[in-house]
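Report on the structure given below.
The numbers here are math on the coordinates, done by the rules we state, and not lab data. Model, not experiment: these values are computed from the prediction. No Cβ is skipped: glycine too gets one built from the backbone with ideal geometry, and neighbour counts run over all protein chains shown.
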Amino acid sequence: MKDMADVFDLKNDQSFTRQQAVDWFAQHYPKIKKGTITAHLIRLSVNAPSRLHYSPKAGEDDLFFQINGNHFRLYDINQDPSPIHASTNSIENQSLEVMEEEENQGTSTEFAYESDLRDYLAKNLQIIEPGLRLYEEEGITGVEFPVGGRFIDILAVDRNGDFVVIELKVSRAYDRVIGQLLRYVGWIQKNQAEIDQKVRGAIVARKITEDLILACSLIPSIELFEYELSLALNQVYPVCEST
């Protein structure tokens, strides 16, 4: 990315587009996928809250300023706000998405935030499918993976090396989510997958509605999962002595 910026010879407020970056890498580093390039643009953009998902290093990864979804320029330390880093708790908290609540609020059977569900599953993908692992390449992981200005909750790879796009809903999942998931699957198939790699999708929610099951009934490449939470307590003090 730094080599690209040097070649572009950016000055003052001169900007470049995401597509220009993709085209430059296609010419000089054709093996790097479009999704990886997009993810690095976000990681290196000082004002992009989603860069926190890619653990940017202070100073080293403070290269660009994101003007909008498609345009970037060089970061100007004299005029731009301080870079967003993992230590900026106030910004990190803003990235938490409060999801739809069920009619019975406050239930202990569901996650409070989609980010909590996402982070748990990202570390425990085997509960969805044996051999499933988080996508990772060039320092970019499949958590909040960027796809054309939007973000996949989790991008995973199965035991066969094929992609699995996972969409999460902390509460109910309705039929409208299928369009969103299929758009992500299509983007990965077009921009990230190799010719022989397959891409399928999965939806994980507290409750899968009947309309979503019906919508997916003719789409064999989509799987639906409902999660459950449980709590167990072990008394540690005072110790109960057996009689």
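Descriptive notes on the structure:
- Region 2-87: C-alpha gyration tensor shape, a/c 1.5 cut-off, then a/b vs b/c: oblate
- Computed E for Y113/K11 - FRET, C-beta separation, R0 30 angstrom, nearest 0.05: 0.10
- Among the GluC sites (Glu not before Pro) within region 154-243, those in coil by DSSP and having at most 16 neighbouring Cβ atoms inside 10 Å are E194, E228, E241.
- Projecting the Cα atoms of I203, Q235, Y135 onto the dipole axis of the chain, where Lys and Arg carry +1 and Asp and Glu carry -1 at the beta carbon, places Y135 farthest toward the positive end.
- Cα lying deepest toward the dipole's positive end in the chain, options Q27, F145, W187, charges on Cβ: Q27
- Distance-filtered residues of region 168-205 - backbone nitrogen under 19 Å, label point 7 angstrom along Q19 Cα→Cβ: 187-188, 190-192
- Antiparallel %, DSSP beta bridges [both residues in the chain], to 5: 55
- Identified option (computed mean projected area of the Cα convex hull in nm²; candidates (i) 18.5; (ii) 13.6; (iii) 11.9): (i)
- Helix-derived mean residue ellipticity, 222 nm - over the chain, DSSP H n ≥ 4, -39500 (n - 2.57), to 500: -8000 deg cm²/dmol
- Here the Karplus curve 6.51 cos²θ - 1.76 cosθ + 1.60, taken at θ = phi - 60°, turns the phi angles of region 213-226 into couplings of 4, 5, 5, 8, 5, 10, 10, x, 8, 10, 10, 10, 9, 10 Hz, with x standing for Gly and Pro.
- Spacing of the two label points (7 Å from each Cα toward its C-beta) at Y174 and S230, in nm: 3.2
- Remark: relative contact order (the chain) = 14 percent; criterion is Cα-Cα distance under 8 angstrom and separation of 6 or more residues.
- Global geometry of region 10-58, whether rounded, prolate or oblate, following the gyration tensor of its Cα atoms and the 1.5 cut on a/c: oblate
- Projecting the Cα positions of L121, L224, A5 onto the charge dipole of the chain (unit charges on Cβ atoms of Lys, Arg, Asp and Glu, taken about the Cα centre) puts A5 furthest along the positive direction.
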